[in-house]
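If you scroll down you'll find the structure; I have some questions about it.
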Amino acid sequence: MCSVVNFNINGYHYKLPVVYGTFYEKAINISQLRDSTGFITFDPGFKNTGITKSSISFIDGEKGELLYRGYPIEQIINKCSFIETSYLILNGELPNTAQLKSFSEKIKKFNHLHKEINKIFDHIPNFYHPMGILSSLTYILDTFINSLQKEDMYLHLLAKLPILAALIYRKKVGLPPPHVNPHLDYTSNLLEMFFSIPNKSYEQNPIITDALNKILILHADHEQNCSTTTVRLLGSADTGLFSSISAGMSALWGRLHGGANQAVIEMLEDILRSGGNIKKWIEKAKNKKDPFRLMGFGHRIYKNFDPRAKIAKKVAENMIQKLGISDPILELAKNLEKEALQDPYFVEKKLYPNIDFYSGIIYQAIGIPKYMFTVMFALGRLPGWMAHWKEMKNNKDPIGRPRQIYIGYKKRNIQK
Ligand code: ACO
(Lines give C-alpha, C1' and ligand atoms only; values in the text may rest on other atoms or scores of the structure.)
Protein backbone atom coordinates (compact mmCIF):
# COMPACT_ATOMS: atom_id res chain seq x y z
CA MET A 1 0.00 0.00 0.00
CA CYS A 2 1.46 3.35 -0.97
CA SER A 3 1.47 6.11 1.61
CA VAL A 4 1.86 8.89 -0.97
CA VAL A 5 0.90 9.48 -4.60
CA ASN A 6 3.33 11.18 -6.97
CA PHE A 7 2.12 13.35 -9.80
CA ASN A 8 3.32 16.00 -12.20
CA ILE A 9 1.68 19.27 -13.14
CA ASN A 10 3.31 21.25 -15.94
CA GLY A 11 6.63 19.55 -15.37
CA TYR A 12 6.68 20.04 -11.57
CA HIS A 13 6.69 16.99 -9.33
CA TYR A 14 4.39 16.75 -6.30
CA LYS A 15 3.61 14.21 -3.59
CA LEU A 16 0.34 13.91 -1.67
CA PRO A 17 -0.41 11.62 1.28
CA VAL A 18 -2.93 8.74 0.99
CA VAL A 19 -5.56 7.94 3.63
CA TYR A 20 -6.84 4.35 4.03
CA GLY A 21 -10.03 3.02 5.61
CA THR A 22 -10.81 -0.29 7.34
CA PHE A 23 -11.59 -2.04 4.06
CA TYR A 24 -8.66 -0.39 2.24
CA GLU A 25 -10.79 2.17 0.46
CA LYS A 26 -8.29 4.84 -0.39
CA ALA A 27 -8.28 8.63 -0.69
CA ILE A 28 -5.71 11.19 -1.73
CA ASN A 29 -5.46 13.81 0.98
CA ILE A 30 -5.65 17.03 -1.01
CA SER A 31 -5.80 19.44 1.94
CA GLN A 32 -2.40 20.94 0.91
CA LEU A 33 -3.07 20.77 -2.86
CA ARG A 34 -3.85 24.44 -3.41
CA ASP A 35 -1.04 25.66 -1.19
CA SER A 36 1.52 23.56 -3.03
CA THR A 37 0.20 23.62 -6.63
CA GLY A 38 -2.31 26.49 -6.90
CA PHE A 39 -4.98 24.00 -8.05
CA ILE A 40 -8.19 22.98 -6.33
CA THR A 41 -10.25 19.91 -7.27
CA PHE A 42 -13.55 20.16 -9.16
CA ASP A 43 -16.16 17.61 -8.06
CA PRO A 44 -19.82 18.74 -8.41
CA GLY A 45 -22.09 16.61 -6.24
CA PHE A 46 -19.04 15.40 -4.26
CA LYS A 47 -18.98 12.23 -6.37
CA ASN A 48 -15.30 11.60 -5.55
CA THR A 49 -14.89 13.52 -2.32
CA GLY A 50 -14.49 12.04 1.16
CA ILE A 51 -15.44 14.72 3.68
CA THR A 52 -14.49 12.96 6.89
CA LYS A 53 -13.26 9.77 8.57
CA SER A 54 -16.25 7.98 10.10
CA SER A 55 -16.82 4.75 12.00
CA ILE A 56 -20.64 4.67 12.06
CA SER A 57 -21.73 2.82 8.91
CA PHE A 58 -20.05 1.33 5.88
CA ILE A 59 -21.42 0.68 2.40
CA ASP A 60 -19.77 -1.54 -0.18
CA GLY A 61 -21.62 -0.25 -3.23
CA GLU A 62 -20.10 -2.81 -5.58
CA LYS A 63 -21.06 -5.80 -3.41
CA GLY A 64 -24.33 -4.30 -2.14
CA GLU A 65 -23.37 -4.54 1.54
CA LEU A 66 -24.25 -2.30 4.47
CA LEU A 67 -22.75 -2.44 7.97
CA TYR A 68 -23.81 -0.51 11.08
CA ARG A 69 -20.79 -0.25 13.40
CA GLY A 70 -19.43 -3.39 11.71
CA TYR A 71 -22.61 -5.49 11.93
CA PRO A 72 -24.29 -6.54 8.62
CA ILE A 73 -27.75 -5.04 8.21
CA GLU A 74 -29.15 -8.56 7.59
CA GLN A 75 -28.11 -9.59 11.14
CA ILE A 76 -29.31 -6.40 12.81
CA ILE A 77 -32.72 -6.63 11.17
CA ASN A 78 -33.31 -10.12 12.58
CA LYS A 79 -31.71 -9.76 15.99
CA CYS A 80 -32.24 -6.18 17.17
CA SER A 81 -35.03 -3.74 17.87
CA PHE A 82 -34.96 -0.18 16.54
CA ILE A 83 -34.09 1.17 19.97
CA GLU A 84 -31.15 -1.26 20.34
CA THR A 85 -30.01 -0.20 16.86
CA SER A 86 -30.29 3.46 17.88
CA TYR A 87 -28.10 2.76 20.92
CA LEU A 88 -25.58 0.92 18.73
CA ILE A 89 -25.41 3.73 16.21
CA LEU A 90 -25.13 6.47 18.83
CA ASN A 91 -22.73 4.73 21.20
CA GLY A 92 -20.74 2.35 19.00
CA GLU A 93 -21.68 -0.95 20.72
CA LEU A 94 -24.87 -2.93 21.21
CA PRO A 95 -26.35 -2.42 24.68
CA ASN A 96 -26.45 -5.20 27.29
CA THR A 97 -29.77 -5.79 29.06
CA ALA A 98 -29.13 -3.22 31.79
CA GLN A 99 -27.90 -0.59 29.34
CA LEU A 100 -30.92 -1.11 27.08
CA LYS A 101 -33.31 -0.81 30.03
CA SER A 102 -31.66 2.36 31.26
CA PHE A 103 -31.57 3.87 27.73
CA SER A 104 -35.29 3.13 27.20
CA GLU A 105 -36.22 4.46 30.65
CA LYS A 106 -34.27 7.67 30.09
CA ILE A 107 -36.01 8.24 26.74
CA LYS A 108 -39.38 7.76 28.44
CA LYS A 109 -38.44 10.47 30.97
CA PHE A 110 -38.50 12.99 28.11
CA ASN A 111 -41.71 11.69 26.54
CA HIS A 112 -43.62 14.98 26.65
CA LEU A 113 -43.74 18.34 24.87
CA HIS A 114 -43.58 21.76 26.44
CA LYS A 115 -47.07 23.32 26.38
CA GLU A 116 -45.72 26.21 24.28
CA ILE A 117 -44.89 23.75 21.49
CA ASN A 118 -48.51 22.63 21.45
CA LYS A 119 -49.61 26.28 21.28
CA ILE A 120 -47.28 26.97 18.34
CA PHE A 121 -48.43 23.78 16.64
CA ASP A 122 -52.08 24.83 16.94
CA HIS A 123 -51.28 27.91 14.84
CA ILE A 124 -49.66 26.00 11.98
CA PRO A 125 -52.09 25.62 9.07
CA ASN A 126 -53.07 22.00 8.51
CA PHE A 127 -52.36 22.13 4.77
CA TYR A 128 -48.59 22.54 5.32
CA HIS A 129 -46.58 19.47 4.36
CA PRO A 130 -45.75 17.33 7.44
CA MET A 131 -42.02 17.50 6.65
CA GLY A 132 -42.08 21.30 6.78
CA ILE A 133 -43.95 21.19 10.09
CA LEU A 134 -41.63 18.54 11.56
CA SER A 135 -38.53 20.45 10.54
CA SER A 136 -39.85 23.75 11.97
CA LEU A 137 -40.97 22.22 15.26
CA THR A 138 -37.67 20.36 15.69
CA TYR A 139 -35.86 23.65 15.30
CA ILE A 140 -38.17 25.33 17.84
CA LEU A 141 -37.89 22.44 20.35
CA ASP A 142 -34.42 23.60 21.30
CA THR A 143 -35.83 26.69 23.01
CA PHE A 144 -38.06 24.65 25.30
CA ILE A 145 -35.60 22.07 26.55
CA ASN A 146 -34.21 22.94 29.92
CA SER A 147 -31.86 20.02 30.29
CA LEU A 148 -28.31 21.26 30.57
CA GLN A 149 -26.83 17.80 30.26
CA LYS A 150 -25.38 17.44 26.79
CA GLU A 151 -25.98 13.70 26.40
CA ASP A 152 -29.67 14.25 27.19
CA MET A 153 -30.13 16.15 23.90
CA TYR A 154 -30.06 12.86 22.01
CA LEU A 155 -32.61 11.27 24.35
CA HIS A 156 -34.88 14.30 24.11
CA LEU A 157 -34.94 14.01 20.32
CA LEU A 158 -35.55 10.26 20.37
CA ALA A 159 -38.45 10.82 22.78
CA LYS A 160 -40.00 13.90 21.20
CA LEU A 161 -39.79 13.28 17.46
CA PRO A 162 -42.36 10.44 17.50
CA ILE A 163 -44.72 12.66 19.51
CA LEU A 164 -44.35 15.46 16.95
CA ALA A 165 -44.93 12.99 14.10
CA ALA A 166 -48.08 11.62 15.79
CA LEU A 167 -49.31 15.14 16.56
CA ILE A 168 -48.96 16.15 12.89
CA TYR A 169 -50.65 12.99 11.60
CA ARG A 170 -53.53 13.17 14.09
CA LYS A 171 -54.31 16.80 13.30
CA LYS A 172 -54.38 15.94 9.58
CA VAL A 173 -56.98 13.22 10.17
CA GLY A 174 -58.95 15.19 12.77
CA LEU A 175 -57.91 13.28 15.89
CA PRO A 176 -56.99 14.88 19.26
CA PRO A 177 -53.29 15.08 20.31
CA PRO A 178 -51.58 11.74 21.06
CA HIS A 179 -51.19 10.13 24.47
CA VAL A 180 -47.86 8.61 25.38
CA ASN A 181 -48.09 5.12 26.88
CA PRO A 182 -45.03 4.73 29.14
CA HIS A 183 -45.69 1.00 29.55
CA LEU A 184 -44.99 0.27 25.90
CA ASP A 185 -41.75 -0.18 24.02
CA TYR A 186 -40.65 2.53 21.57
CA THR A 187 -42.28 1.18 18.41
CA SER A 188 -45.51 0.00 20.04
CA ASN A 189 -45.87 3.40 21.69
CA LEU A 190 -45.32 5.07 18.31
CA LEU A 191 -48.15 3.01 16.80
CA GLU A 192 -50.48 3.71 19.72
CA MET A 193 -49.72 7.43 19.55
CA PHE A 194 -50.59 7.44 15.84
CA PHE A 195 -53.66 5.26 15.71
CA SER A 196 -55.47 5.23 19.07
CA ILE A 197 -59.01 6.56 18.97
CA PRO A 198 -60.64 8.33 22.00
CA ASN A 199 -62.44 5.97 24.37
CA LYS A 200 -61.17 2.88 22.59
CA SER A 201 -58.07 0.92 23.55
CA TYR A 202 -55.60 0.43 20.72
CA GLU A 203 -54.88 -3.20 19.93
CA GLN A 204 -51.27 -3.90 18.98
CA ASN A 205 -50.69 -6.20 16.02
CA PRO A 206 -47.28 -7.93 16.26
CA ILE A 207 -47.05 -8.19 12.44
CA ILE A 208 -47.31 -4.42 12.17
CA THR A 209 -44.99 -3.68 15.12
CA ASP A 210 -42.38 -6.00 13.63
CA ALA A 211 -42.63 -4.39 10.18
CA LEU A 212 -42.35 -0.88 11.67
CA ASN A 213 -39.32 -1.90 13.73
CA LYS A 214 -37.65 -3.28 10.64
CA ILE A 215 -38.35 -0.35 8.37
CA LEU A 216 -37.04 2.09 11.02
CA ILE A 217 -33.86 0.00 11.39
CA LEU A 218 -33.34 -0.02 7.61
CA HIS A 219 -33.27 3.79 7.66
CA ALA A 220 -31.14 4.24 10.79
CA ASP A 221 -27.91 5.32 9.07
CA HIS A 222 -26.35 5.47 5.63
CA GLU A 223 -22.99 7.20 5.87
CA GLN A 224 -22.51 10.56 4.09
CA ASN A 225 -25.86 10.92 2.30
CA CYS A 226 -27.32 14.34 1.47
CA SER A 227 -29.23 14.92 4.73
CA THR A 228 -26.48 13.54 6.97
CA THR A 229 -23.91 15.71 5.22
CA THR A 230 -26.25 18.66 5.79
CA VAL A 231 -26.39 17.84 9.50
CA ARG A 232 -22.59 17.57 9.69
CA LEU A 233 -22.09 20.74 7.69
CA LEU A 234 -24.32 22.75 10.01
CA GLY A 235 -22.68 21.23 13.06
CA SER A 236 -19.27 22.20 11.69
CA ALA A 237 -20.35 25.86 11.91
CA ASP A 238 -21.08 25.25 15.63
CA THR A 239 -24.83 25.19 14.97
CA GLY A 240 -26.72 23.29 17.68
CA LEU A 241 -27.96 19.72 17.39
CA PHE A 242 -31.66 20.56 17.00
CA SER A 243 -31.11 23.16 14.25
CA SER A 244 -28.70 20.83 12.45
CA ILE A 245 -31.23 17.97 12.55
CA SER A 246 -33.99 20.34 11.42
CA ALA A 247 -31.86 21.28 8.36
CA GLY A 248 -31.18 17.58 7.73
CA MET A 249 -34.94 17.03 7.62
CA SER A 250 -35.30 19.73 4.97
CA ALA A 251 -32.61 18.02 2.89
CA LEU A 252 -34.32 14.66 3.36
CA TRP A 253 -37.61 16.06 2.10
CA GLY A 254 -36.26 16.40 -1.48
CA ARG A 255 -37.68 13.94 -4.04
CA LEU A 256 -34.22 12.72 -5.04
CA HIS A 257 -33.50 11.79 -1.42
CA GLY A 258 -36.02 10.74 1.28
CA GLY A 259 -38.97 12.35 -0.50
CA ALA A 260 -38.61 9.58 -3.07
CA ASN A 261 -40.71 7.24 -0.87
CA GLN A 262 -43.81 9.42 -1.39
CA ALA A 263 -42.90 9.93 -5.07
CA VAL A 264 -42.64 6.15 -5.64
CA ILE A 265 -46.17 5.44 -4.49
CA GLU A 266 -47.49 8.43 -6.43
CA MET A 267 -45.71 7.08 -9.52
CA LEU A 268 -47.07 3.55 -9.00
CA GLU A 269 -50.58 4.94 -8.55
CA ASP A 270 -50.18 6.97 -11.75
CA ILE A 271 -49.04 3.86 -13.64
CA LEU A 272 -52.00 1.89 -12.30
CA ARG A 273 -54.48 4.69 -13.09
CA SER A 274 -53.17 5.04 -16.61
CA GLY A 275 -53.74 1.34 -17.41
CA GLY A 276 -50.60 -0.31 -15.95
CA ASN A 277 -48.47 -0.20 -19.11
CA ILE A 278 -45.08 -0.72 -17.44
CA LYS A 279 -43.08 -0.71 -20.68
CA LYS A 280 -44.39 2.76 -21.56
CA TRP A 281 -43.22 4.17 -18.21
CA ILE A 282 -39.82 2.54 -18.52
CA GLU A 283 -39.41 4.14 -21.95
CA LYS A 284 -40.43 7.47 -20.41
CA ALA A 285 -37.73 7.08 -17.72
CA LYS A 286 -35.11 6.35 -20.41
CA ASN A 287 -36.08 9.33 -22.57
CA LYS A 288 -33.51 12.08 -21.89
CA LYS A 289 -35.94 14.75 -23.15
CA ASP A 290 -38.44 13.74 -20.45
CA PRO A 291 -37.59 14.84 -16.86
CA PHE A 292 -39.35 11.73 -15.49
CA ARG A 293 -37.15 9.21 -13.66
CA LEU A 294 -38.10 5.85 -12.29
CA MET A 295 -38.54 6.84 -8.66
CA GLY A 296 -37.01 4.45 -6.14
CA PHE A 297 -34.38 3.39 -8.67
CA GLY A 298 -30.70 4.28 -8.73
CA HIS A 299 -28.24 5.24 -6.04
CA ARG A 300 -25.02 7.22 -5.86
CA ILE A 301 -23.10 4.46 -4.05
CA TYR A 302 -24.89 1.17 -4.80
CA LYS A 303 -23.94 -0.16 -8.21
CA ASN A 304 -25.41 -3.50 -7.20
CA PHE A 305 -28.58 -4.28 -5.22
CA ASP A 306 -29.32 -1.94 -2.30
CA PRO A 307 -29.45 -4.54 0.53
CA ARG A 308 -32.11 -2.43 2.28
CA ALA A 309 -34.40 -2.69 -0.76
CA LYS A 310 -34.04 -6.50 -0.75
CA ILE A 311 -35.02 -6.64 2.93
CA ALA A 312 -37.84 -4.10 2.51
CA LYS A 313 -39.30 -6.16 -0.34
CA LYS A 314 -39.33 -9.28 1.85
CA VAL A 315 -40.84 -7.38 4.78
CA ALA A 316 -43.57 -5.97 2.49
CA GLU A 317 -44.40 -9.37 0.97
CA ASN A 318 -44.38 -11.07 4.34
CA MET A 319 -46.60 -8.56 6.14
CA ILE A 320 -49.07 -8.25 3.28
CA GLN A 321 -49.41 -12.02 3.10
CA LYS A 322 -49.76 -12.39 6.90
CA LEU A 323 -52.29 -9.54 7.10
CA GLY A 324 -54.24 -11.10 4.25
CA ILE A 325 -54.28 -7.87 2.24
CA SER A 326 -54.28 -7.87 -1.52
CA ASP A 327 -52.19 -4.94 -2.71
CA PRO A 328 -52.14 -4.27 -6.46
CA ILE A 329 -49.39 -1.68 -5.87
CA LEU A 330 -47.04 -4.37 -4.51
CA GLU A 331 -47.69 -6.58 -7.53
CA LEU A 332 -47.12 -3.63 -9.86
CA ALA A 333 -43.87 -2.69 -8.06
CA LYS A 334 -42.57 -6.27 -8.40
CA ASN A 335 -43.41 -6.34 -12.12
CA LEU A 336 -41.85 -2.93 -12.68
CA GLU A 337 -38.68 -4.01 -10.88
CA LYS A 338 -38.49 -7.20 -12.97
CA GLU A 339 -38.98 -5.32 -16.23
CA ALA A 340 -36.45 -2.58 -15.38
CA LEU A 341 -33.79 -5.06 -14.27
CA GLN A 342 -33.99 -6.74 -17.70
CA ASP A 343 -33.74 -3.48 -19.61
CA PRO A 344 -30.27 -2.69 -21.05
CA TYR A 345 -30.54 0.98 -19.98
CA PHE A 346 -30.94 0.06 -16.30
CA VAL A 347 -28.44 -2.81 -16.55
CA GLU A 348 -25.70 -0.69 -18.16
CA LYS A 349 -26.21 2.21 -15.76
CA LYS A 350 -26.39 -0.23 -12.81
CA LEU A 351 -29.72 1.14 -11.63
CA TYR A 352 -31.35 -1.06 -8.98
CA PRO A 353 -34.29 -0.48 -6.63
CA ASN A 354 -33.26 1.57 -3.58
CA ILE A 355 -34.78 1.62 -0.08
CA ASP A 356 -37.59 3.94 -1.17
CA PHE A 357 -38.95 1.54 -3.78
CA TYR A 358 -40.70 -0.78 -1.30
CA SER A 359 -40.81 1.27 1.92
CA GLY A 360 -44.03 3.10 0.99
CA ILE A 361 -45.83 -0.21 0.50
CA ILE A 362 -44.92 -1.15 4.08
CA TYR A 363 -46.05 2.22 5.43
CA GLN A 364 -49.35 1.94 3.59
CA ALA A 365 -49.96 -1.55 4.99
CA ILE A 366 -49.29 -0.14 8.47
CA GLY A 367 -51.93 2.54 7.79
CA ILE A 368 -49.61 5.51 7.33
CA PRO A 369 -50.69 7.87 4.54
CA LYS A 370 -48.35 9.02 1.72
CA TYR A 371 -47.87 12.52 3.10
CA MET A 372 -46.33 11.03 6.25
CA PHE A 373 -43.84 8.68 4.52
CA THR A 374 -40.84 11.01 4.65
CA VAL A 375 -41.61 11.82 8.29
CA MET A 376 -41.31 8.09 9.02
CA PHE A 377 -37.97 8.07 7.20
CA ALA A 378 -36.84 10.97 9.43
CA LEU A 379 -37.83 9.03 12.59
CA GLY A 380 -35.70 6.14 11.37
CA ARG A 381 -32.73 8.29 10.30
CA LEU A 382 -32.64 10.26 13.58
CA PRO A 383 -30.02 8.06 15.34
CA GLY A 384 -27.75 8.29 12.30
CA TRP A 385 -28.01 12.07 12.06
CA MET A 386 -27.29 12.42 15.79
CA ALA A 387 -24.34 10.01 15.69
CA HIS A 388 -22.79 11.92 12.79
CA TRP A 389 -23.27 15.26 14.54
CA LYS A 390 -21.65 13.82 17.66
CA GLU A 391 -18.80 12.23 15.69
CA MET A 392 -18.17 15.46 13.79
CA LYS A 393 -17.87 17.32 17.12
CA ASN A 394 -15.57 14.67 18.62
CA ASN A 395 -13.39 14.64 15.48
CA LYS A 396 -13.21 18.44 15.67
CA ASP A 397 -13.86 18.56 11.92
CA PRO A 398 -13.21 22.07 10.56
CA ILE A 399 -16.05 24.23 9.29
CA GLY A 400 -17.32 22.87 5.96
CA ARG A 401 -16.65 25.46 3.28
CA PRO A 402 -16.09 24.29 -0.32
CA ARG A 403 -14.47 26.42 -2.99
CA GLN A 404 -15.77 27.18 -6.48
CA ILE A 405 -14.62 27.97 -9.98
CA TYR A 406 -15.98 31.44 -10.68
CA ILE A 407 -17.37 31.87 -14.22
CA GLY A 408 -19.15 35.25 -13.78
CA TYR A 409 -18.19 38.69 -15.08
CA LYS A 410 -14.66 40.00 -14.87
CA LYS A 411 -14.29 43.08 -12.60
CA ARG A 412 -16.26 45.96 -14.17
CA ASN A 413 -17.49 49.47 -13.31
CA ILE A 414 -21.07 50.69 -12.88
CA GLN A 415 -21.86 52.98 -15.85
CA LYS A 416 -23.93 55.90 -14.50
N1 ACO B 1 -34.47 6.64 -13.78
C2 ACO B 1 -33.89 6.84 -14.99
N3 ACO B 1 -32.60 7.13 -15.19
C4 ACO B 1 -31.83 7.26 -14.08
C5 ACO B 1 -32.33 7.07 -12.79
C6 ACO B 1 -33.70 6.75 -12.64
N7 ACO B 1 -34.24 6.56 -11.44
N8 ACO B 1 -31.35 7.28 -11.89
C9 ACO B 1 -30.26 7.58 -12.59
N10 ACO B 1 -30.54 7.57 -13.92
C11 ACO B 1 -29.59 7.80 -15.02
C12 ACO B 1 -29.28 9.27 -15.17
O13 ACO B 1 -30.15 9.90 -16.08
C14 ACO B 1 -27.85 9.23 -15.65
O15 ACO B 1 -27.86 8.93 -17.03
P16 ACO B 1 -26.72 9.52 -18.01
O17 ACO B 1 -25.41 8.96 -17.50
O18 ACO B 1 -27.11 9.01 -19.35
O19 ACO B 1 -26.80 11.00 -17.88
C20 ACO B 1 -27.26 8.03 -14.93
O21 ACO B 1 -28.36 7.16 -14.66
C22 ACO B 1 -26.54 8.37 -13.63
O23 ACO B 1 -27.46 9.10 -12.83
P24 ACO B 1 -27.05 10.33 -11.92
O25 ACO B 1 -28.26 11.17 -11.69
O26 ACO B 1 -25.83 10.99 -12.48
O27 ACO B 1 -26.64 9.56 -10.61
P28 ACO B 1 -26.51 10.20 -9.19
O29 ACO B 1 -25.64 9.33 -8.41
O30 ACO B 1 -26.13 11.64 -9.30
O31 ACO B 1 -28.02 10.19 -8.61
C32 ACO B 1 -30.05 9.40 -7.66
C33 ACO B 1 -28.53 9.21 -7.79
C34 ACO B 1 -30.34 10.87 -7.29
C35 ACO B 1 -30.56 8.54 -6.54
C36 ACO B 1 -30.72 9.03 -9.00
O37 ACO B 1 -30.48 7.67 -9.29
C38 ACO B 1 -32.22 9.31 -9.00
O39 ACO B 1 -32.62 10.44 -9.30
N40 ACO B 1 -33.10 8.30 -8.62
C41 ACO B 1 -34.51 8.53 -8.52
C42 ACO B 1 -34.85 9.19 -7.19
C43 ACO B 1 -34.69 8.25 -6.01
O44 ACO B 1 -35.14 7.11 -6.02
N45 ACO B 1 -34.06 8.77 -4.93
C46 ACO B 1 -33.84 8.02 -3.70
C47 ACO B 1 -32.39 7.65 -3.54
S48 ACO B 1 -32.14 6.69 -2.07
C49 ACO B 1 -32.22 7.81 -0.83
O50 ACO B 1 -31.82 8.93 -0.94
C51 ACO B 1 -32.84 7.41 0.40
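The values are calculated or read from the model by the stated rules, or taken from the named source; none is laboratory data. Given the structure is predicted, the values throughout are model-derived calculations rather than measurements. Virtual Cβ from ideal backbone geometry, glycine too; neighbours counted across all protein chains shown. Surface accessibility is based on the protein's heavy atoms, side chains included, excluding ligands, DNA and RNA. Shrake-Rupley method; radii C 1.70, N 1.55, O 1.52, S 1.80 Å.
Rg over Rh of segment 319-416, using C-alpha atoms and the Kirkwood radius, what does it come to?
Rounded to two decimals, Rg/Rh equals 1.23.
Continuing with the same structure: Using just the Cα positions, wrap segment 201-243 in a convex hull and report its mean projected area in square nanometres, one decimal place.
The directionally averaged projection comes out at 4.7 nm².
Sort the following peptides by mean Cβ neighbour count (other Cβ atoms within 10 Å, averaged over residues), highest first: 316-329, 119-132, 374-387.
The densest-packed peptide leads the list: 374-387, 316-329, 119-132.
Now for a different question. Report the Cα centroid-to-centroid distance between segment 32-68 and segment 363-406 in angstrom, as an integer.
Between the Cα centres of segment 32-68 and segment 363-406 lies a distance of 18 Å.
Separate question: With 20 Å as the cut-off, how large is the P(r) tail for segment 218-362, expressed as percent of Cα-Cα pairs?
Counting pairs separated by more than 20 Å, the tail of P(r) holds 52 percent.
Rule-of-thumb check for segment 77-186: C-alpha Rg over 2.2 N^0.38 Å?
On the way: Rg = 15.1 Å, N = 110, 2.2 N^0.38 = 13.1 Å.
For segment 77-186, the normalised Cα radius of gyration is 1.15.
Hey, another quick one. Which of the trypsin sites (Lys or Arg not before Pro) found in segment 16-72 are in a DSSP loop and have at most 14 neighbouring Cβ atoms, other than their own, within 10 Å? Mind showing how you got there, number by number?
Details: sites: Lys26, Arg34, Lys47, Lys53, Lys63, Arg69; in loops: Lys47, Lys53, Lys63, Arg69.
The qualifying sites are Lys47, Lys53, Lys63.
Accessible area per residue of segment 161-205 at 1.4 Å probe, in Å²?
In whole numbers, segment 161-205 has 48 Å² accessible per residue.
Where q = 0.16, 0.20, 0.22 Å⁻¹, what log10 of I(q)/I(0) comes from the Debye formula for segment 147-281, counting one point per Cα?
Cα-only, vacuum Debye calculation for segment 147-281: -1.08, -1.31, -1.36.
Non-local amide H neighbours of Glu65 (under 5 Å, H modeled in plane, Pro and chain starts lacking H): which ones?
Answer set, sorted by chain and number: Asp60.
In addition: Round to the nearest 10 and give me the degree value, 0 to 90, for the angle of helix 241-253's Cα axis relative to the longest principal axis of the chain.
90 degrees
Roughly speaking, what % of Cα-Cα pairs in the chain are separated by over 29 Å, rounded to a whole number?
The calculated P(r) of the chain puts 50 percent of pairs beyond 29 Å.
Related question: With every protein chain present, what is the per residue accessible area of segment 352-416 (1.4 Å probe, Å²)?
55 Å²
Translational D (Stokes-Einstein, µm²/s) of segment 1-143 at 37 °C and 0.692 mPa s when Rh comes from the Kirkwood sum over C-alpha pairs? Don't jump to the answer; show the numbers that get you there.
On the way: Rh = 20.4 Å.
Translational D for this selection: 161 µm²/s.
Where does each of 346-357, 202-213, 280-291, 403-414 land if you order them by average Cβ count within 10 Å, highest first?
Values: 346-357: 20.2, 202-213: 17.2, 280-291: 12.5, 403-414: 5.8.
Per-residue mean Cβ counts within 10 Å order the peptides as 346-357, 202-213, 280-291, 403-414.
Taking the Cα atoms only, what angle lies between the long axis of helix 307-323 and the longest principal axis of the chain, rounded to 10 degrees?
10 degrees
Note down the accessible area of Ile28, probe 1.4 Å, to the nearest 10 Å².
90 Å²
Moving on to the next point. Which whole-number percentage describes the relative contact order of segment 151-278, with Cα contacts under 8 Å and a sequence gap of 6 or more?
Across segment 151-278, relative contact order equals 13 percent.
Now for a separate question. Which percent of the accessible heavy-atom area of the chain goes to carbon and sulfur, probe 1.4 angstrom?
Reported share for carbon and sulfur atoms: 53 percent.
Using each residue's phi in segment 32-43, evaluate 6.51 cos²θ - 1.76 cosθ + 1.60 at θ = phi - 60° and report the 3J(HN,Hα) Karplus result to the nearest Hz, with x for Gly and Pro.
In residue order, the calculated couplings are 9, 4, 5, 4, 8, 10, x, 9, 10, 9, 10, 8 Hz.
Once the whole set of protein chains is in place, how much accessible area is left on Phe103, using a 1.4 Å probe, in Å² to the nearest 10?
20 Å²
Let me ask you something else. Can you list residues from other chains, or at least 5 along the same chain, whose modelled amide H is less than 5 Å from the amide H of Ser57?
Arg69, Glu223
If a paramagnetic tag sat 7 Å from the Cα of Ile30 along the Cα-Cβ line, which residues of segment 1-17 would have the backbone N under 12 Å from that point?
none
Could you provide, to the nearest whole Å², the per residue accessible area of segment 44-159 with probe 1.4 Å? Provide the component values of the computation, followed by the final result.
Numbers: 6420 Å² over 116 residues.
Accessible surface, normalised per residue, equals 55 Å².
Also, quick follow-up: Per-residue counts of other Cβ atoms within 10 Å, averaged by peptide: what ranking do you get for 94-102, 150-158, highest first? Before the final figure, lay out each step's value.
On the way: 94-102: 12.6, 150-158: 19.2.
Most protected by this proxy first, the peptides run 150-158, 94-102.
Using θ = phi - 60° and the Karplus form 6.51 cos²θ - 1.76 cosθ + 1.60, what ³J(HN,Hα) does each residue of segment 129-138 get, whole Hz, x for Gly and Pro?
Using θ = phi - 60°, the values come out as 5, x, 5, x, 5, 4, 5, 5, 5, 5 Hz.
Same structure again: Which angle from 0 to 90°, rounded to the nearest 10, does the C-alpha axis of helix 186-195 make with the longest principal axis of the chain?
60 degrees
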